[in-house]
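Heads up, the thing below is written out as structure tokens.
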Amino acid sequence: MHKITLVLFLSLAWISKTFTQTNNQTQSVMIYQNVKTQRVDVGGTDFYYRKLGENNSDIPIIFLNHLAATMDNCDPRIMDGLATARQIICFDNRGIGATKGTTPKTVAEMAKDARAFIHALGYEKVDLVGFSLGGFITQEILLQEPHLVRRAIITGAGSAGGEGIKNVTKLTYLDIFRGLLTFKDAKTYLFFNRNENGKKSAKEFLNRLKERKENRDEKMKVGNFQRQLKAIHAWGLQAAQDLSVIKQPVLVANGENDRMVPSSNTSNLAKRIPNSQIIIYKDAGHGGIFQYHDEFVKSALEFLCKQ
């Protein structure tokens, strides 16, 4: 009887230990929901960032985000998806989220800050993924310091002086007001179509942004948000740049019905950048990569994992 009791006790102890180890391993898996926030000194200012994925390459992916976006506005499905094969880093540029300072009033200055951040981390070569304002900044980095970039993805964006970009400020304030009246996030209107698919995708996307419960980023200050809008407005009025000098492979993507940065801008980028590819998502708006996040991740990794 004592032997049976001892065997039973040892069996239960083994099961408990195995369960605990498995549970701890599950909890220790880094995903965007729980990845830690780090900081690095960039010319006397602490820039805050999150790094996800194994360092399978000496070349990380740097993610450049949209207007008013802190790190908590990165889509977890895209971040986790890209991190399955590559290391990806997102960050708060100057004056955004936890990073102090004043946000520049030009895209060119934002690009200089992004480059300084990349160098502060010690990288000599990176891949870039930029969405919306991040796509404008991506173009500037390609033009300012071309040897820093191996490959780039530009989504929901247009070139300097592109069609309708000067109207982003007006549309943004309009949709913020609509959001206040309807108790909805303005991205519901700015990023997605107002049909059944768009409404469903907007709800799913906004729910994903709430998955991180602890150690969330700081909110962006209104003054710096307004400075971002001024930079975008200036970009929309700026003279066209010579994009034919960009020699890196570039993937451009957008929804077919982008009312924020008209989709014609994406087609224009593909025509003007020599070594480019284009993806247009059907029945989607400015946030096409969020609505089609699985397809985007697959295409992005196929593009970025090439030598």
**OP:** Name the single residue, out of those in region 168-201 being β-branched (Val, Ile, Thr) and crowded, with 20+ Cβ neighbours inside 10 Å, that is farthest from Asn265 (Cα to Cα).
**Re:** Thr188
Subject >> Matching option when the condition is over 19 Å from Ile154 (Cβ atoms) and in contact with a Lys or Arg (Cβ under 8 Å, 6 or more places away or on another chain), among Asn197, Asn215 >> reply: Asn215
**OP:** Those residues that are open to solvent by less than 10 Å² (accessible area, probe 1.4 Å) and farther than 18 Å from Ala186 by Cβ, I need them from region 247-288; list them, please.
**Re:** Val250, Leu251, Val252, Ala253, Asn254, Asn265, Thr266, Leu269, Ile273
**OP:** Would you be able to say whether some residue in region 73-87 is of a type in the set (Lys, Arg), touching a strand residue (DSSP E or B) at 6+ places or on another chain (Cβ under 6 Å) and buried (at least 18 other Cβ atoms within 10 Å of the Cβ)?
**Re:** yes
Original post:
Do you know which residues across region 150-167 are hydrophobic (A, V, I, L, M, F, W, C) and surrounded by fewer than 22 Cβ atoms within 10 Å (Cβ to Cβ)?
Top reply: Ala160
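Let's see how each residue does on (1) under 25 Å from Gln226 (Cα atoms); (2) part of a strand (DSSP E or B); (3) more than 16 Å from the chain's Cα centre (by Cα); (4) in contact (Cβ under 8 Å) with a residue 60 or more places away in the chain:
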{"residue": "Met79", "(1), (2), (3), (4)": "no, no, no, no"}
{"residue": "Leu82", "(1), (2), (3), (4)": "no, no, no, yes"}
{"residue": "Gly95", "(1), (2), (3), (4)": "yes, no, yes, yes"}
{"residue": "Lys100", "(1), (2), (3), (4)": "yes, no, yes, no"}
{"residue": "Lys105", "(1), (2), (3), (4)": "yes, no, yes, yes"}
{"residue": "Lys112", "(1), (2), (3), (4)": "yes, no, yes, no"}
{"residue": "His119", "(1), (2), (3), (4)": "no, no, yes, no"}
{"residue": "Gly122", "(1), (2), (3), (4)": "no, no, yes, no"}
{"residue": "Gly135", "(1), (2), (3), (4)": "yes, no, no, yes"}
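The values are calculated or read from the model by the stated rules, or taken from the named source; none is laboratory data. What you see is a predicted model; the values in this text were computed from it and never measured. Positions of Cβ are backbone-derived with ideal geometry, glycine not excepted, and every protein chain shown enters the neighbour counts. For accessibility, only protein heavy atoms count, side chains too; no ligands or nucleic acids. Shrake-Rupley method; radii C 1.70, N 1.55, O 1.52, S 1.80 Å.
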